[in-house]
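Trainee: First the structure, then my questions, so here it is.
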Amino acid sequence: MSEGAAHTLMPQVAEWNLVNDDGVMKLRRSWTVKTFTKGLEFFRVVAVLAESEGHHPDLHLVGWNNVTIEIWTHAVGGLTENDFILAAKIDKLDVLNLLRRKPTD
């Protein structure tokens, strides 16, 4: 997917950031969770979705309460429409009870 095509789809996942990581375009979003274990629960909820979709994002727990998800298609070395679909589905997950405050970019 070209960078222009990715920018066209970004309004569909407005809370996510389009990043260029050493020439690889990715979608990235971060949240702050209430506790370390809430971060692990957050990842469990995302993992259930990812397994059902057959599309697995990179999950990062930084510090004790900061979670970040990066989505990109490893097989093509960049973004596909499926990455945007997964991001939109992650946005719809019921995780508010795990979050410390309003989600951050």
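Each reported figure results from applying straightforward, stated rules to the coordinates on display, with no laboratory input. Treat the numbers as computed from the prediction; the structure is a model and nothing was measured. Note that each Cβ is placed from the backbone with ideal geometry, even for glycine, and that neighbours are counted across all protein chains shown.
Trainee: Counting Lys and Arg as +1 and Asp and Glu as -1, what is the net charge of the other residues whose Cβ lies under 11 Å from the Cβ of residue 44?
Mentor: Once positives and negatives cancel, what remains is -1.
Trainee: Taking only C-alpha pairs under 8 Å that are 6+ residues apart, what is the relative contact order of the chain in percent?
Mentor: 37 percent
Trainee: While we're here: Mind pulling the angle between the C-alpha long axis of helix 81-91 and the longest principal axis of the chain? Nearest 10 degrees, somewhere in 0 to 90.
Mentor: Tilt of helix 81-91: around 20 degrees.
Trainee: Hey, another quick one. Net charge near residue 65, counting Lys/Arg +1 and Asp/Glu -1 over other residues with Cβ under 11 Å of its Cβ?
Mentor: Neighbourhood net charge equals +4.
Trainee: Any chance you could run the full-extension gain for residue 88 through residue 48? It's 0.36 nm times the residue separation minus the Cα-Cα distance, nm to one decimal.
Mentor: 12.9 nm
Trainee: Same structure again: Report the residues of the range 66-85 in range of a label on residue 20: point 7 Å along Cα→C-beta, backbone N strictly under 15 Å from it.
Mentor: 78-79, by backbone N distance to the label point.
Trainee: Where does the charge balance sit around residue 85 when Lys and Arg score +1, Asp and Glu -1, over other residues with C-beta under 12 Å from its C-beta?
Mentor: Charge balance near residue 85 sits at -2.
Trainee: Shifting gears a bit: Can you list the equivalent-ellipsoid semi-axes of the chain, largest first and in whole Å, using the square root of 5 times each Cα gyration tensor eigenvalue?
Mentor: 23, 14, 13
Trainee: Follow-up question, since we're still on this one. Whole-Hz ³J(HN,Hα) for each residue in the range 25-34, computed from phi via Karplus 6.51 cos²θ - 1.76 cosθ + 1.60 with θ = phi - 60°, x for glycine and proline: what do you get?
Mentor: Values, residue by residue: 6, 9, 9, 9, 9, 10, 9, 10, 9, 5 Hz.
Trainee: Going by alpha carbons, how many degrees (0 to 90, nearest 10) lie between the helix axis of 36-53 and the longest principal axis of the chain?
Mentor: Tilt of helix 36-53: around 40 degrees.
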